[in-house]
Each structure stands twice: as structure tokens, then as C-alpha cells.
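The values are calculated or read from the model by the stated rules, or taken from the named source; none is laboratory data. Since the model is a prediction, treat every value here as computed from it, not as a measurement. Ideal geometry is used to build each Cβ from the backbone, glycine not excepted, and the neighbour counts take in all protein chains shown. Calculation scope for accessible area: heavy atoms of the full protein, side chains included, ligands and nucleic acids excluded. Shrake-Rupley method; radii C 1.70, N 1.55, O 1.52, S 1.80 Å.
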Amino acid sequence: MEKFNLNQVEDTNITLETVLGLAQTVNDLVSDNITLLTDYPSQDGGEKYQANRLATKLAALSAATIQATEKAQSQVNTAVKSLMEAGDKSCN
């Protein structure tokens, strides 16, 4: 088994923080500008429907990305804690 590398875990956490920040930015942009899509300036019902669906999908995608990233961060933290506790026990 490869030796546990704390730097790799830290790099993973930095990447997850970046993904989370990007997803939160997308979520904020969609939330702040949702009326641009839901009040689409067209009389065409099909275009309005498509714009509304796009807004819904973008909001769902950003929310799912945030949730998945937070879950991954929690899993990394749990794994690190377990490895550290196992290391402490082996030192005794």
C-alpha cells in the first residue's frame, strides 16, 4: 500500500474548495439573474418554456455540484481523521 501523503490530501481539499467556490458562484449568478431567463423577452411560448427549463436546470446543476463537493470534503476529512487516529494508535 502506498504511504499516506498529507500533501495529496491538502491538494485534494484545495481542488474541492475551488470546485465549491465555482459552483457557489454559478448558483449566485443564476439566483441573482433568474428573471432574465424566467421572464424571457419573447412572445414565443416555446422559447419562454426553454428559457425557464434552462434556468431550472442551471440552478439544479449548481446545487447538486455544491452538495457533491461538500460530501466529498466530508469524506476526505473523515478518511484523514481515521488515518490519523490509526497512526496515533500504532505509535502507542
**Fill in**
A careful count of residues in region 1-52 that are among the hydroxyl-bearing types (Ser, Thr, Tyr) and touching a residue at least 24 places away in the same chain (Cβ under 8 Å) gives 2
**Prompt:** For region 62-82, which residues satisfy the criterion of being open to solvent by less than 60 Å² (accessible area, probe 1.4 Å), under 13 Å from THR12 (Cα atoms) and under 10 Å from the mean Cα position of the chain (by Cα)?
**Reply:** THR69, ALA72, GLN73
**Asked** For THR25, are the conditions met, namely being farther than 30 Å from LEU83 by Cα and either among the β-branched types (Val, Ile, Thr) or in contact with a Gly (Cβ under 9 Å, 6 or more places away or on another chain) (or both)?
**Response** yes
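Conditions tested, residue by residue: (1) at pLDDT 85 or above; (2) of a type in the set (Lys, Arg).
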| position | (1), (2) |
| --- | --- |
| MET1 | no, no |
| PHE4 | no, no |
| VAL19 | yes, no |
| LEU22 | yes, no |
| ASN52 | no, no |
| LYS57 | yes, yes |
| GLN67 | yes, no |
